[in-house]
Amino acid sequence: MGVWRLIVSWWRARQRRIDLDILWPICRREANDLDHAKAAFAVHAYHDPAWLELGDELFPFIDRLT
């Protein structure tokens, strides 16, 4: 793996961590229930290259959020 790919991979992992630390709690707080919070988070994740990088693991990941 080239240096550039390592940097991009690190950066996208960092972006996902920020989303989990900041965006997910806001989704939880503002949503009526957990399913709506997951749906709101999914709208973001399915439009963000950092999350789309997870491929087939994205939906199961969002489904496991609590």
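The values are calculated or read from the model by the stated rules, or taken from the named source; none is laboratory data. Bear in mind that the values here come from a model prediction, so they are computed numbers and not experimental data. Don't worry about glycine lacking a Cβ; one is built from the backbone with ideal geometry, like all the others, and counts go over all protein chains shown.
What the table below lists for this structure:
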quantity: Close pairs (9 angstrom Cβ cut-off, 6 or more residues apart or separate chains): charged (D, E, K, R) in the range 20-36, part of a helix (DSSP H, G or I) anywhere; calculated: Arg28/Leu34; Arg28/Ala37; Arg28/Phe41; Arg29/Ala37; Glu30/His36; Glu30/Ala37; Glu30/Ala40
quantity: Where a residue in the range 1-19 is within 25 Å of His44 (Cβ to Cβ) and at pLDDT 95 or above and its partner, wherever it lies, is charged (D, E, K, R) and outside any helix (DSSP H, G or I), with Cβ under 6 Å and at least six apart; calculated: Arg12/Glu53
quantity: Residues within the range 40-53 that are in contact (Cβ under 8 Å) with a residue 24 or more places away in the chain and touching a Phe, Trp or Tyr at 6+ places or on another chain (Cβ under 9 Å), tallied; calculated: 5
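One line per residue, one yes/no per condition, for (1) of a type outside the set (Asp, Glu); (2) within 9 Å of the chain's Cα centre (by Cα):
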{"residue": "Trp4", "(1), (2)": "yes, no"}
{"residue": "Arg12", "(1), (2)": "yes, no"}
{"residue": "Arg16", "(1), (2)": "yes, yes"}
{"residue": "Asp21", "(1), (2)": "no, no"}
{"residue": "Ala50", "(1), (2)": "yes, yes"}
